[in-house]
Every structure is written in structure tokens, then in C-alpha cells.
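Q: There's a structure below that I have some questions on.
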Amino acid sequence: MPQKKHEPEEIVAKLRQVDVLVSQGRSVAEAVRTIGVTQFTYCRWRKEYGGLKTNQVKGLKELEKENERLRKAVSDLTLEKLILREAAFGKLLSPARRRACVDHVRQKFRVSERFACRVLGQHRSTQRKVPRGRPDEEALTADIIALASQYGRYGYRRITALLRDAGWAVNVKRVERLWRRVGLKVPQKQPKRSRLWLGNGSCVRLRPERPNHVWSYDFVESRTHDGRKFRMLNLIDEFTRECLSIRIDRRLRSTDVIDVLSDQFILRGVPDHIRSDNGPEVVAMAVREWIAAVGARTAYIEPGSPWENGYCESFNAKLRDELLNGEIFYSLAEAKIVIEGWRQHYNTKRPHSSLGYRPPAPEVVQWPAPPSGAASPATPAVAPRPIMH
């Protein structure tokens, strides 16, 4: 028969009974037998409750409950701190990330779903909801990966513009979500690759207000695979952001500058201003006299202030980042073909952020017309690689 579990009040009453019997002259062993416990139990009770009265036992029980509550609170706070520290390696902005974090915390700390959701601020209905993707999710993801593989220096905003041109009715936030889900990002540095298909005055206050108002030009240098240097003369329209011409040669002199400008003046008319730096090719007397003779005005930037020629400097940075830093040119002829192909793509296909992600000079009429229908991986229709014959 199992022994009865005594309450603290009963224990104190029995101890008081033994004290009274001992005070009457009885021995401790005889008095202990009268309360129906062993000597060992009496000693244990005496050590734990000796000298206490009934009202003091009630206060002791309340104090034990309070201590237990405080221990549980401290334990919960410590556990919450550990959970928050585990989830502190990034903001949990999306329900999917919170859902994954709750599952991770439950598995690591062996806590309930209710507790983990309360600590991480995730509603339990959201945690239990099974996300359902759209039926075209896989096709859109495949097109995003294909475009990102072809245009490695484009972010998700330009990829969104290319997807819309290909026929997708997609929001930039959805593209960003899929972009991050598959782990895409623009690398800080890209390795050079070779093409295996080939065998061998201050203008601080001058702002462009209309097409052909302000043109600017600048020089960019690069090298072929054999280490020989070649130069590029880039001419752009600052208002439309269109690259009008890229002249490529081993050496470029003032006569080459006049040659490029004259070709574009004949095709597009004479602009009001020509902006450039103070290099020897552009401040040569022959260039200055020729520009003044055709009715244009020069706008040289201050020496050592390339930011005053910001439009052209920005174009040069895009040219170097998206093409020159990632290509190996085996000959000057290859460089001319590849760079001219990139210029056409820049003008007609590449989304420009300052133009609302539209190209500077989009092709209005396309012949033959592309077949109508659902969007496919869209990449073959965007800036095909030039082919050597």
C-alpha cells in the first residue's frame, strides 16, 4: 500500500505533537512512533520544517511558488534571448523567412510552435499556411536565370525591363523575390573571358534640355590579348543618353576627332554645345577652329574635374564594366566588331534607369515581326552575339 504524502501543514502539526510528548517526559523514539513515521522521516522533517509554525508554512509555500515562477520567467527570457540571437543574422521581413526561422528554432531548441511564433513575431496561421506559387512561376524563374546568365552585369531591375519587352506582365517586386530566391546577384568583379568562336570651359551650369543640345565625348583605353593598347573615342547625346559613335584605333589624334564629329554632324545636325575634357586631342587648335567654323560651341570642363563630364564618364563606366572587363580581344578587328555590337545593344535594347528603364533609341519597327504568343526564355531575341563569317 503506497504511503500517504503529507502536506507541509500536517508535517508541522506532527512535529509540534512530538515536541509536546517529549516535554511530558517521553523519549523521542516513543514520541515518533505515536505519529506513525520512522526515525529517518522524522529527522528529515525536522531538518526541513523544524521551528516553523502553520502560518509560516503557508508563507513558505507562497515563496516557493513565487521562486518557481521567477525561475520559469528567467528560463523563458534566457531561451527567448537565445532564439533571437539565433535569428539575428538578418532581418526577417518576409513570411517565408519567418516560417523557415521558426522551423529552425523549433528543431534546435526543442520548443513549441506557439512559443517560437510568439518570440519571432510570426502569426501561427501564417506559419501553418502552405504557400502556393503561381502556375507560371517556373517559366518566369527560368527566363530570369537565362537573362541573368546572358547579361551578367544586369540587376533585377534591368532584367525586369527585358522581361516586359519579351512579353511578361511582371512586377519588379516579383522579379526581385524570385531573383533572391534562386540566389542571383551581380558579382563585384568578373573574370575576363575569350570568345572561342573567333580565331584571331567649365560646364557646371550647362544642362541638356533637348536632343542635339549638348554632345560630349571622351577617350577610353583598353588592350588586346597581346598587350597592345587601343583607344576608343565615345560620343554621346547627353539628353537622350544615346551613344552616337565609338571610334576605335591604336592611336587617335585631333584629325580623328574631327572625322567622327563631321560624320555625326552630317547625319544628325550640328549640336549647340560640345562638352569634353582638356586632353591634347580635344583642345588642339585645329579641333577648336573646326567646331567654331561649323557653328557649335565648345564647353571644356575644368582641369581635374571629370565629374563635370558626368554623362560621358557614366557611359565609359558602363562600357568598361559590362564589356571591357569581361572580354579578351585577340585583334583590333574583333574589338571593333564586338564593341559596335554592344553599342547597338546599348542604344536599342539595354534598359536605362534614368529613362524609366527604356533604351535610349529603341527600334520602333522590327522586321520581320516576332511571332506573338507567350513569352519564352526571351534571351535569343535580346542582343544576339555578333557572328563572324
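Q: Could you please find all residues in region 285-308 being more than 47 Å from the chain's Cα centre (by Cα) and among the small types (Gly, Ala, Ser)?
A: Ala286, Ala292, Ala293, Gly295
Q: For region 243-256, enumerate the residues that are open to solvent by less than 30 Å² (accessible area, probe 1.4 Å) and under 18 Å from Phe315 (Cα atoms).
A: Cys243, Leu244, Ser245, Ile246, Ile248
Q: Further, regarding this structure: Among the residues of region 319-335, which ones are open to solvent by 40 Å² or more (accessible area, probe 1.4 Å) and within 13 Å of Asn234 (Cα to Cα)?
A: Correct list: Arg320 only.
Q: Continuing with the same structure: Of the residues that make up region 274-285, is at least one open to solvent by 50 Å² or more (accessible area, probe 1.4 Å), among the charged types (D, E, K, R) and either closer than 28 Å to His352 by Cα or outside the structural domain of Ala148 (by the TED database) (or both)?
A: No, region 274-285 contains no residue that is open to solvent by 50 Å² or more (accessible area, probe 1.4 Å), among the charged types (D, E, K, R) and either closer than 28 Å to His352 by Cα or outside the structural domain of Ala148 (by the TED database) (or both).
Q: Check whether at least one residue in region 189-198 is modelled with pLDDT of 90 or more and out of contact with any helix residue (DSSP H, G or I) (no Cβ under 9 Å at 6 or more places or on another chain), and report yes or no.
A: Within region 189-198, none of the residues are modelled with pLDDT of 90 or more and out of contact with any helix residue (DSSP H, G or I) (no Cβ under 9 Å at 6 or more places or on another chain).
Residue-by-condition table, conditions (1) within 17 Å of the chain's Cα centre (by Cα); (2) open to solvent by 30 Å² or more (accessible area, probe 1.4 Å); (3) at pLDDT 90 or above:
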{"site": "Gln122", "(1), (2), (3)": "no, no, no"}
{"site": "Lys129", "(1), (2), (3)": "no, yes, no"}
{"site": "Ala139", "(1), (2), (3)": "no, yes, yes"}
{"site": "Gly155", "(1), (2), (3)": "yes, no, yes"}
{"site": "Arg158", "(1), (2), (3)": "yes, yes, yes"}
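Q: Would you check which residues across region 215-246 are part of a strand (DSSP E or B) and β-branched (Val, Ile, Thr) and list them?
A: Residues satisfying the conditions are Val220, Ile236, Ile246.
Q: Here is a follow-up. What pairs come up if the first residue lies in region 69-93 and is modelled with pLDDT of 75 or more, the second is not in a helix (DSSP H, G or I), and their beta carbons are under 8 Å apart, counting only those six or more places apart or on different chains?
A: Partner pairs satisfying both residue conditions: Leu79/Val111; Ile83/Val111.
Q: A follow-up question, please. Kindly provide the set of residues from region 298-318 that are surrounded by 14 or more Cβ atoms within 10 Å (Cβ to Cβ), over 17 Å from Val220 (Cβ atoms) and of a type outside the set (Gly, Ala, Ser), ordered by number.
A: Answer for region 298-318, where residues must be surrounded by 14 or more Cβ atoms within 10 Å (Cβ to Cβ), over 17 Å from Val220 (Cβ atoms) and of a type outside the set (Gly, Ala, Ser): Thr298, Tyr300, Glu302, Glu308.
The values are calculated or read from the model by the stated rules, or taken from the named source; none is laboratory data. Since the model is a prediction, treat every value here as computed from it, not as a measurement. Glycine gets a Cβ as well: all are built from the backbone with ideal geometry, and neighbour counts include every protein chain shown. Note: areas computed on protein heavy atoms with side chains; ligands, DNA, RNA excluded. Shrake-Rupley method; radii C 1.70, N 1.55, O 1.52, S 1.80 Å.
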